[in-house]
């Protein structure tokens, strides 16, 4: 499903050159739930961003759903992200000015989906994460766990093949973290969604199919 | 999609109320000034009282004589002789209205001074122009030939001089120690109708100056040529310019004479910006464009800066939108739409402010009989200005926003 070949990422400033990722080769199978672990600053999030086409590698190639993405222009990238990928962020990144339902509808705004259909799909996605009673709330009226569930609903509303989650339980207590993890496991099991998750939590990582460890930008396991 | 943009735009406006106030104030103030300007130009250019036959009239306002050897130049209205002798000799016009520029005079009512603008006209003047007579009628050809001291007065003059008298036709009004019999009262003409404005209209033959004896080309008069139909205007214009080219200038100092029979708007522009054969229309368009551009530039820059600040606050939203499938182009579109919503809101406030200011100007009497109003033309120009304003101040910040790197935007 995702194929990374010899991925390298270098950050350059006027004086310093930092090697964030060095020669990463990784295959993620369709329907797999993969977790990435490693100490802070080892390149986990950078790797996830590159997989999500949010960042470009300095070297190497990426193929997702059998498409090589290196030569995509801005529009093609946007369309690809919209249709194939869903993102979950540690700090939720919900739009505070919009109600829950409008936040969840967001990915559908960039498709040819009419307003009625958008509302139906967003309501369904919120039902899946157990938040169908919070449609008209604003993010700041919700708890951390509820916000992350809204973020999951937003990630799955467009029915993407891949979900990329960057420390989805990082800001939550263990009970809420477990709730979120259960939802992700269900999505993977029931819908066959491929999930790549960056985490610091060994317990969470153990629940996934496979664990990849990074250290100083290189894959160690 | 638009509904979503609208919700966001309103939410962003509510978020930083001071920024919103500054933005809306800048937009609405600029638009108020532009709307007042448009309303004024519209009133001057399009008001058709009392020249309701403007579509088949040509106006002769100013002439210019130059001497190529000595650099001499003389500019100003025509003499009565010029218009009566030359303009009236043309075949195409069915009527030629001749009238003087207004002269200031005074009348006294109970020792109180009433300022009177006097205007001397020929008989055709009343046929070419359609003054609304509230009572009485204009003076006729015979009365002019007999130099009868008769006058048509404006409604304001009637009220100032005669007070509440229901009818004043046949009564006498004394100006500069001469008594004139009132033959009619007309509805007021705004002072912006330069060639038609007056408080008191008199036969040219009762003037202290003997216009018929003066054979010079310069003077104090303007003319209006009335064609049978609008189709005759080009022919009439050509006939006039051919006639002018044949005129021998009596004054040896000058060797070139420029006098034109123009449509109404061109004739006004020629007074202000005309130079020799040039009408000044292109100068006016360039000048007005530069003024509007500069006038809009400052609030636009202000809005651009505020918009950039606001964008930086929204970088997380931009990152999220990009991550979920918004292309840079879609984001530019979204931000411009949001900005147009803001400017339209400012425009709406501007319209309300303009109506208030227009009412104040109209009721203050600063400009005689000027009745500024909002009409479709003014509203259309304002809407256009809003859109241009919204686009100008939105494009650059939108472009900056769309270029944000997703990862950095999400980190901010």
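The values are calculated or read from the model by the stated rules, or taken from the named source; none is laboratory data. This structure is a prediction, so every number in the text was calculated from the model and none was measured. Cβ sites come from the backbone with ideal geometry, for glycine too, and all protein chains shown count toward neighbours.
Odds and ends about this structure:
- Those residues of region A:93-106 which are at the interface with chain B (Cβ under 8 Å from one of its Cβ atoms) and in a helix (DSSP H, G or I), in sequence order: A:102, A:105, A:106
- Within region B:5-30, the set of residues being within 14 Å of another protein chain (Cβ to nearest Cβ) and buried (at least 18 other Cβ atoms within 10 Å of the Cβ) comprises B:5, B:8, B:9, B:12, B:13, B:20.
- Criterion (over 30 Å from residue B:311 (Cβ atoms), part of a loop (DSSP other than H, G, I, E, B) and either in contact with a strand residue (DSSP E or B) (Cβ under 9 Å, 6 or more places away or on another chain) or more than 14 Å from chain A (Cβ to nearest Cβ) (or both)) met by exactly one of B:77, B:50: B:50
- Test: residue in region B:29-44 that is without any contact (Cβ under 8 Å) to a residue 60 or more places away in the chain and within 24 Å of the chain's Cα centre (by Cα): yes
- In region B:391-410, residue farthest from the other protein chains (Cβ to nearest Cβ) [restricted to those that are under 12 Å from residue B:312 (Cα atoms) and part of a helix (DSSP H, G or I)]: B:397
- Verdict on residue A:41 being at pLDDT below 90 and over 15 Å from residue A:155 (Cα atoms): yes
- Just one of (1) touching a helix residue (DSSP H, G or I) at 6+ places or on another chain (Cβ under 7 Å); (2) more than 16 Å from residue A:164 (Cβ to Cβ) fails for residue A:58. It is (1).
- Residue within region B:31-53 that is surrounded by fewer than 21 Cβ atoms within 10 Å (Cβ to Cβ), in contact with a helix residue (DSSP H, G or I) (Cβ under 9 Å, 6 or more places away or on another chain) and modelled with pLDDT of 90 or more present: yes
- Some residue of region B:356-372 being touching a helix residue (DSSP H, G or I) at 6+ places or on another chain (Cβ under 8 Å), buried (at least 22 other Cβ atoms within 10 Å of the Cβ) and assigned to a helix (DSSP H, G or I): no
- Annotation note: Cβ proximity below 6 Å between a residue of region B:395-411 that is assigned by TED's automatic domain parsing to the domain that holds residue B:327 and a residue that is in a loop (DSSP other than H, G, I, E, B) (sequence gap 6+ or interchain) occurs for B:406/A:54; B:407/A:54; B:407/A:55.
- Members of region A:75-91 that are surrounded by fewer than 21 Cβ atoms within 10 Å (Cβ to Cβ), facing chain B (nearest Cβ under 8 Å) and within 15 Å of the chain's Cα centre (by Cα): A:83
- Within region B:318-332, considering residues that are part of a helix (DSSP H, G or I) and without any contact (Cβ under 8 Å) to a residue 40 or more places away in the chain, the one nearest to residue B:11 (Cα to Cα): B:321
- All helices (runs of 4 or more DSSP H) inside region A:136-221 with 3 or more residues being crowded, with 18+ Cβ neighbours inside 10 Å: A:144-156, A:174-191
- Residues in region B:273-328 that are more than 14 Å from chain A (Cβ to nearest Cβ), at positive phi and in contact with a helix residue (DSSP H, G or I) (Cβ under 7 Å, 6 or more places away or on another chain): B:280 only.
- Single residue of B:150, B:169 found to be without any contact (Cβ under 8 Å) to a residue 60 or more places away in the chain, touching a helix residue (DSSP H, G or I) at 6+ places or on another chain (Cβ under 8 Å) and at negative phi: B:150
- Across region A:153-167, the number of residues qualifying as in contact with a helix residue (DSSP H, G or I) (Cβ under 6 Å, 6 or more places away or on another chain) and closer than 13 Å to residue A:107 by Cα comes to 6.
Conditions (1) assigned to a loop (DSSP other than H, G, I, E, B); (2) crowded, with 17+ Cβ neighbours inside 10 Å; (3) at pLDDT 90 or above; (4) within 12 Å of chain B (Cβ to nearest Cβ), marked per residue:
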site: A:108; (1), (2), (3), (4): no, yes, yes, yes
site: A:113; (1), (2), (3), (4): yes, yes, no, yes
site: A:124; (1), (2), (3), (4): no, no, yes, no
site: A:127; (1), (2), (3), (4): no, no, yes, no
site: A:131; (1), (2), (3), (4): yes, yes, no, no
